[in-house]
Amino acid sequence: MSKRISIHGQWSSRLMFILAATGAAIGLGNIWKFPYMAGENGGGAFVLVYLLCLALIGIPIMMAEVLIGRRGRQSPVNTLHSLSVEAGASGSWRLVGWAGMLAGLVILSYYSVIAGWTLAYLMRMLSGTFVRVTAEGSGSIFAQLVTDPERLLAWHTIFMVMTIKVVSRGVTNGLEKAAKILMPMLFFLVLVLVAYAARNGDFAQAFNYLFYTDFSKLTPAGVLTAMGHAFFTLSLGMGAMLVYGSYLPSGVSIAQTSILVGLLDTLVALLGGLATFSIVFANGLAAGEGPGLIFQTLPIAFGQMPGGMFFGALFFLLLVFAAWTSAIVLIEPLVAWLIENREMERIRAAIWTGMVAWLLGIVTILSFSHWSFSFHFGGVLKRHGLFDVLDIVTSSIILPLGGLCMALFAGWVMARDSVVDELGGLAGVGFKLWYFIIRFITPAAMLLIFLRAIGVL
Ligand code: PHE
């Protein structure tokens, strides 16, 4: 059949897709979430499982999602519908797209609140709040911020408006260009932090902590968390990569670009983790601090280094940008669907979707003060009740399940010929290996992790 074209446009080049996909992947997940998840789950063993999940589950699924997207060239719901009908399978596969759109809304609701913290920290850096700050001082500055719902609401609102603005312009306009300058800069800043941490922090202990594997510290729920984070960090399982794939010009190699995006994402997370834990250990702080980890530790480093105000401000600015390039893709699947099925204008679709996510964000804001409660998840004390629930349900359950469905869809539902056609650049052994992984290894590994987490195995 003739190739479809997307009504939403397409990336202007292979490089632009790489930048946009890297921008979507690298975000708060790498620098904010990965260190605190590793810290809560005891370090090394968690990191190893996370890396294995990235290689055996994440990157193969990224290829599957992108190829499904490019084949269908529509929003996830409509793509899954058309492709399943075309393959003679049930149209209900589109429910995977629906679950993804919902997960995207929920994730954006808390993602925007945390991005708001980052904006707040940018201002604090600029005003010199952290010059020579002590560990206690930094802890109390953080506590003050997150227990002030009105302030959080203001920052959350600003970030959501930023997100809506970009989505309403269409992804190819402006953001591609911003990503081109900002992603390399973020990378550079992470290196500055790592260099600082190597000189002044406890680098050796951080290295040991992240790479020395002690499996006794890892619970089955911790394994599920590691797998969930592999999905979260690569933006998989909710249609984000699918929708970005649907704007991908034909002829660009899906395998090469996915592997590159996966590697860059992993590198930034590991470097961010190394820097964070060097500072944590050098200052006698606790690794299992939870979501406040980087906000309590990194300012100590910036407060001490020469030019710290400048570098600190730049770091949080880039983190805002990294969050921004990720946030937009969280609602892009829903926005694309509203445009396709409800014939809404892009700007209206973006505003409506953003408003729903904004409202839902209030739940997260209050989780850090008035509505806070604690519970245990796989031996880890979670102190921010509803925020943690939203995070666990989306990252550890919906994203992996969505990803599993994408793997099954590409591996078993789509005709092998169409798959070969889309993965054109991947010849011979490479293709066979990927196809085997996506059909057998990925589903089996995921099933195992799920069954262990719920105590069946
Ligand atoms: N990958 C992003 C991050 O690491 C988060 C994200 C998840 C973005 C899912 C889009 C879709 O911050």
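The values are calculated or read from the model by the stated rules, or taken from the named source; none is laboratory data. Remember, predicted model here, so these are calculated numbers, not experimental data. Counting neighbours? That spans all protein chains shown, and the Cβs are built from the backbone with ideal geometry, glycine included. We work out accessible area using only protein heavy atoms, side chains counted, and drop any ligands, DNA or RNA first. Shrake-Rupley method; radii C 1.70, N 1.55, O 1.52, S 1.80 Å.
Considering only protein heavy atoms, with the full assembly of protein chains and a 1.4 angstrom probe, order VAL146, VAL161 by accessible area, largest first.
Working: VAL146 10, VAL161 85 Å².
Largest accessible area first, the residues go VAL161, VAL146.
The ellipsoid equivalent to the alpha-carbon distribution of region 132-227 has semi-axes of 32, 22, 20 angstrom, derived from the gyration tensor eigenvalues as √(5λ) and listed largest first.
Just to confirm my numbers, what's the Cα centroid distance between region 76-113 and region 193-250 in Å? About 24 Å separates the Cα centre of region 76-113 from the one of region 193-250.
The largest accessible area among HIS376, HIS384 belongs to the first residue in HIS376, HIS384, and the rest follow in falling order (1.4 Å probe, all chains).
Could you give the semi-axes, largest first, of the ellipsoid that matches region 294-344, computed as the square roots of 5 times the alpha carbon gyration tensor eigenvalues and rounded to whole Å? If you can, show how the numbers build up before the last one.
Details: eigenvalues 304, 17, 5 Å².
They are 39, 9, 5 Å, listed from largest to smallest.
Leaving out ligands, DNA and RNA but keeping every protein chain, what accessible area does ARG348 have, in Å² rounded to the nearest 10, with a 1.4 Å probe? Estimated to the nearest 10 Å², ARG348 gives 120 Å².
About the Cα centre, and with charges only on the beta carbon of Lys, Arg (+1) and Asp, Glu (-1), how big is the dipole of region 1-123? Nearest 20 debye, please. Don't skip to the end; give the middle numbers.
Working: 8 positive and 3 negative charges, 97 e Å.
Approximately 460 debye in magnitude.
Ligands, DNA and RNA excluded, the heavy atoms of VAL363 present near 40 Å² of accessible surface to a 1.4 Å solvent probe. For region 72-78, putting each phi into the Karplus relation 6.51 cos²θ - 1.76 cosθ + 1.60 with θ = phi - 60° gives couplings of x, 6, 9, 4, x, 4, 6 Hz, in residue order, rounded to whole numbers and with x for Gly and Pro. The helix-only estimate of mean residue ellipticity at 222 nm for the chain, built from DSSP H runs of length n ≥ 4 each weighted as -39500 (n - 2.57), is -23000 deg cm²/dmol after division by the residue total. Positive end of the dipole of the chain (Cβ unit charges, origin at the Cα centre): among GLY312, ILE392, GLY455, the Cα lying farthest that way belongs to GLY312.
Name the aspartates and glutamates eligible as straight-distance cross-link partners of LYS3: C-alpha to C-alpha under 17 Å, and not fewer than 8 places from it in the same chain. Those aspartates and glutamates meeting the cut-off are GLU86, ASP417, ASP421, GLU422.
Can you give me the relative contact order of the chain as a percent, contacts being Cα pairs under 8 Å and 6 or more apart?
Over the chain, the number comes to 35 percent.
How fast does the chain diffuse by Stokes-Einstein, in µm²/s, taking the Kirkwood radius from C-alpha pairs at 25 °C and 0.890 mPa s? Could you put the intermediate results ahead of the total?
On the way: Rh = 22.0 Å.
Rounded to a whole number, D works out at 112 µm²/s.
Pairs LYS33/LYS180; LYS33/LYS165; LYS217/LYS382; LYS180/LYS432; LYS217/LYS432: which are spaced more than 27 Å apart, C-alpha to C-alpha? Walk me through the intermediate numbers first.
Details: LYS33/LYS180 24 Å; LYS33/LYS165 25 Å; LYS217/LYS382 17 Å; LYS180/LYS432 34 Å; LYS217/LYS432 36 Å.
From LYS33/LYS180; LYS33/LYS165; LYS217/LYS382; LYS180/LYS432; LYS217/LYS432, over 27 Å: LYS180/LYS432; LYS217/LYS432.
The reciprocal of the average 1/r between distinct C-alpha atoms defines the Kirkwood hydrodynamic radius, which for region 175-285 equals 16.5 Å. A quarter of the convex hull surface defined by the alpha-carbon atoms of region 339-410 gives 7.0 nm² as the mean projection.
Relative to the longest principal axis of the Cα atoms of the chain, helix 175-200 runs at roughly 40 degrees. Relative to the longest principal axis of the Cα atoms of the chain, the long axis of helix 94-126 makes an angle of roughly 30 degrees.
How large is the accessible surface per residue of the chain, computed with a 1.4 Å probe and reported in Å² as a whole number? Can you show the working numbers first?
Working: 16960 Å² over 457 residues.
Value returned for the chain: 37 Å² of accessible area per residue.
Radius of gyration over Kirkwood radius for region 78-147, both on Cα atoms: the Rg/Rh ratio is 1.41.
The radius of gyration of the Cα set in region 9-84, together with its Dmax, comes out at 15.9, 45 angstrom. Computed from point charges on the beta carbon alone (+1 for Lys and Arg, -1 for Asp and Glu), the dipole magnitude for the chain about its Cα centre is near 600 Debye. Using the Cα coordinates of region 354-457, the gyration tensor eigenvalues translate into equivalent-ellipsoid semi-axes of 38, 19, 9 Å, sorted from longest to shortest.
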